[in-house]
Each structure stands twice: as structure tokens, then as C-alpha cells.
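Beneath this line is the structure, given in C-alpha cells, with notes to follow.
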Amino acid sequence: MTRLVLAALFLVASASWADSAMDKYDRTCRICHANGVGGAPKTGDVDAWRPRLEKGMESLIRASNRGLNGMPPKGMCYDCSDQDYEALISYMSTSAS
């Protein structure tokens, strides 16, 4: 019974985090990355993300925090942690199909 309760709590917490990450994407990243505004790599465009990913996740997180080219510091996500940026970058750089 205890294991079942713990498993249920884990699933609820995981789903809650996923909703939170998607809320952050919808609230901030989507504005530019859905349509490639200002040269932003489009969400799901693996080829556009490839050269960026080759620089490493740490470099991408640093650029997200500092801003780069047309992207403002923090990408307008002032409550994003480095872990949030990693999850968001992973989501955006993966094929939508």
C-alpha cells in the first residue's frame, strides 16, 4: 500500500513539473521559437538546433541566462532555473513528429 501511495505521489509530482515546464514554454519561449522570430531556432527544427547543441548544453544554458543576439537575458523567463532551461532546450530541439 505504501509503495502504491509513493508511486502515485511521484506521478502527480512529475505531471505537475511537466505542466509547469510547458507553462513556461507557452509564456516565454513560444513567443519567438514557435515561428523563428528574430532568427530564433524554431521549436522542433532539429537542423536549426544541431549547431547550437554541438556547443554543449552548458553553453546553451549560459546563453539563455545572459541573452544572445535578439534573445534578451533569461529569455524573458525570470523564474526559470538552469534545470528548466535544460528541459526547455531539450523540448525545443527535438523533432515535433
**Item:** Filtered residue count, the range 37-82, keeping only those that are exposed (fewer than 14 other Cβ atoms within 10 Å of the Cβ), in contact (Cβ under 8 Å) with a residue 12 or more places away in the chain and among the small types (Gly, Ala, Ser)
**Value:** 3
**Item:** Selected residue (criterion: nearest to residue 93 (Cα to Cα)) from residues of the range 29-83 that are modelled with pLDDT of 95 or more and of a type in the set (S, T, N, Q)
**Value:** 43
**Prompt:** In the range 83-97, how many residues are surrounded by 14 or more Cβ atoms within 10 Å (Cβ to Cβ) and not in a helix (DSSP H, G or I)?
**Reply:** 1
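The values are calculated or read from the model by the stated rules, or taken from the named source; none is laboratory data. Note that the structure is predicted; figures quoted are calculated from it, not measured. Every residue, glycine as well, gets a Cβ built from its backbone with ideal geometry; the counts of neighbours run over all protein chains shown.
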